[in-house]
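The values are calculated or read from the model by the stated rules, or taken from the named source; none is laboratory data. All figures in this text were calculated on a predicted structure; none of them were measured in a lab. Glycine gets a Cβ as well: all are built from the backbone with ideal geometry, and neighbour counts include every protein chain shown. Heavy atoms of the whole protein, side chains included, go into the accessibility calculation; ligands, DNA and RNA do not. Shrake-Rupley method; radii C 1.70, N 1.55, O 1.52, S 1.80 Å.
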Amino acid sequence: MSGPSYKEIWSEGLWHNNVVLSQMLALCPLMAVTTTASNGLGMGLATLVVMVFSNLLVSMLRGIITPQVRIPVFIVLIAAMVTMVDMFLNAWMHELYKVLGLFIPLIVTNCAILGRVESFASKNLVAPSMLDGFAMGLGFTWVLVLLGAMREFFGAGTLFADASLLLGQWASLIELEVFPDYGGTLLLILPPGGFICLGLMLAGKRVVDRMLAARESAAVELSGNNTRMEGAL
């Protein structure tokens with residue numbers, strides 16, 4: 001039996017089966033690090049790398065991992081990837097490493113990563129598994145960045161503040177001070193603001209999904225009407 005197409009894998013990871021907006025996973029790091037868009041981007045990219053290479057390793061080793069020990073083996077492989085990412089950040093992006101702190105090692109416990117290696121990578125070839133990890137990681141990343149941007153924009157009047165300190169000198173290009181004299185809204189920087197913004201994002205996804213479903217239903221109905229008309233002629 002053939003697996004899902006690359007298009008399906010891509011759309012599932014980015015939107016339809018998004019780690020946060022559909023599965024409601026990884027909410028702890030989501031709320032903790034998204035006080036700015038820069039933090040969200042850093043955490044998202046770290047998680048993306050772990051997801052891609054964890055899926056790669058599990059897919060390559062799926063033939064020799066017995067069902068009885070698969071979960072401990074998966075966790076060890078994920079932990080190995082997280083350790084490498086943690087060491088890389090400490091060495092090359094130390095400011096970002098200090099900001100993310102404990103949440104980098106806690107990627108090991110991210111249910112989304114273990115869930116993908118268990119449900120997808122352990123049952124599919126290398127290329128689809130890597131794409132699944134990339135799509136799921138990118139879907140998680142854009143949610144982190146958007147949530148962080150919302151909280152930072154309305155809470156402090158900036159976007160990607162101190163990105164150059166966290167991500168390197170190149171990131172100074174995306175630093176914006178939208179409202180120079182803005183006093184800020186502390187509520188949005190605090191955890192309640194994160195839940196408020198996340199709720200708005202969830203509501204927005206539901207609205208978009210309903211619009212897409214209605215459009216698809218109308219297209220199917222129109223196609224059926226055209227077919228009946230052609231049959232009548």
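The table below lists the values:
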quantity	calculated
Which numbered condition Phe88 misses (of (1) open to solvent by 70 Å² or more (accessible area, probe 1.4 Å); (2) assigned to a loop (DSSP other than H, G, I, E, B))	(2)
Lone unmet requirement of (1) among the hydrophobic types (A, V, I, L, M, F, W, C); (2) within 21 Å of Leu159 (Cβ to Cβ); (3) open to solvent by 60 Å² or more (accessible area, probe 1.4 Å) for Met211	(2)
Single condition Ser5 does not satisfy, out of (1) surrounded by fewer than 21 Cβ atoms within 10 Å (Cβ to Cβ); (2) out of contact with any Lys or Arg (no Cβ under 8 Å at 6 or more places or on another chain); (3) in contact (Cβ under 8 Å) with a residue 40 or more places away in the chain	(3)
Only one of Asp162, Asp132 that is open to solvent by 10 Å² or more (accessible area, probe 1.4 Å) and either closer than 29 Å to Leu186 by Cβ or touching a helix residue (DSSP H, G or I) at 6+ places or on another chain (Cβ under 7 Å) (or both)	Asp162
Qualifying residue in the range 167-182 (condition: among the β-branched types (Val, Ile, Thr) and buried (at least 21 other Cβ atoms within 10 Å of the Cβ))	no
Any chance Met51 is in contact with a Gly (Cβ under 6 Å, 6 or more places away or on another chain), part of a helix (DSSP H, G or I) and within 30 Å of Leu165 (Cβ to Cβ)	yes
Conditions (1) at pLDDT below 90; (2) open to solvent by 40 Å² or more (accessible area, probe 1.4 Å); (3) closer than 24 Å to Ile174 by Cβ: number failed by Leu100	(2)
Criterion (among the hydrophobic types (A, V, I, L, M, F, W, C), under 13 Å from the mean Cα position of the chain (by Cα) and over 30 Å from Gly155 (Cβ atoms)) met by exactly one of Val76, Val52	Val52
Residue in the range 120-133 that is farther than 26 Å from Lys7 by Cβ and part of a helix (DSSP H, G or I) present	no
Residue list for the range 105-124, restricted to those being free of Cβ contacts under 8 Å to residues at least 40 places away in the same chain and either open to solvent by less than 30 Å² (accessible area, probe 1.4 Å) or of a type in the set (A, V, I, L, M, F, W, C) (or both)	Val108
Selection count where residues are touching a residue at least 40 places away in the same chain (Cβ under 8 Å), open to solvent by 20 Å² or more (accessible area, probe 1.4 Å) and among the β-branched types (Val, Ile, Thr), scope the range 15-73	5
